[in-house]
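Trainee: Just dropping this structure here.
The values are calculated or read from the model by the stated rules, or taken from the named source; none is laboratory data. Quantities reported herein were computed from a predicted structural model and do not represent experimental measurements. All accessible areas refer to the heavy atoms of the entire protein, side chains included, with ligands and DNA or RNA removed. Shrake-Rupley method; radii C 1.70, N 1.55, O 1.52, S 1.80 Å.
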Amino acid sequence: MPKGYVIARITVHDEEAYKAYIPVATAAMELHGGRPLARGGRMETLEGEGRKRNVVIAFDSFEQARAFYLSPEYQQAVALRQPVSTADVVVVEGLE
């Protein structure tokens, strides 16, 4: 079965307030079996519009990745993130 990935590109507008999001999002990710492959760190935009924070989280399936994002646990984190950042978040099915 192909893995599922949550990919987020984020521009943080209030770094201090964003810190409240991180532990809530981390707990939700761990609860739903997610494994971070990239989480912030060095980046370089080679084409198109880039965002300074990029996150890739692996799950055992597309369905599991989608369920994580829609879960009440992660939606609590989203409520903390949205007022202080702009994000593009997608769920992608990987190759077998």
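Trainee: Please give the calculated 222 nm ellipticity per residue for the chain, where each DSSP H segment of at least 4 residues contributes -39500 (n - 2.57) and the sum is spread over every residue; nearest 500 deg cm²/dmol?
Mentor: -10000 deg cm²/dmol
Trainee: Right, here's the next one. If all Cα-Cα distances of segment 55-96 are sorted into 5 Å bins from 0 onward, what percent lands in each bin, rounded to whole numbers?
Mentor: Pairs per bin, as whole percents: 5, 20, 27, 26, 13, 6, 2, 0.
Trainee: Related question: Report the full-extension gain for the segment Gln82 to Ala27: residue separation times 0.36 nm, less the Cα-Cα distance, to one decimal in nm. Mind dumping the intermediate values first?
Mentor: Working: separation 55, 0.36 × 55 = 19.80 nm, distance 1.77 nm.
Once the chain is fully extended between Gln82 and Ala27, it gains 18.0 nm.
Trainee: Could you do me a favour and compute the accessible area per residue for the chain, 1.4 Å probe, result in Å²? Don't skip to the end; give the middle numbers.
Mentor: On the way: 6050 Å² over 96 residues.
Here the residues of the chain average 63 Å² of exposed surface.
Trainee: Here's something else I'd like to know. Could you tell me what % of all Cα pairs in the chain have separations over 15 Å?
Mentor: Considering the chain, 61 percent of its Cα-Cα pairs are separated by more than 15 Å.
Trainee: I would also like to ask the following. May I ask you to give the percent of accessible area on the chain that is carbon plus sulfur, with a probe radius of 1.4 Å? Working shown, then result.
Mentor: Details: 3270 of 6050 Å².
So the carbon and sulfur contribution to the accessible surface is 54 percent.
Trainee: Also, I was wondering about something else. Which whole number in µm²/s is D for segment 1-48 by Stokes-Einstein, with the Kirkwood Rh taken over Cα pairs at 25 °C and 0.890 mPa s?
Mentor: On the way: Rh = 13.1 Å.
My calculation gives 188 µm²/s for D.
Trainee: Same structure, new question: Once you have the Cα-Cα distance between Arg42 and Glu16, take 0.36 nm times their residue separation minus that, and quote the gain in nm to one decimal.
Mentor: Details: separation 26, 0.36 × 26 = 9.36 nm, distance 1.98 nm.
Gain on stretching Arg42 to Glu16: 7.4 nm.
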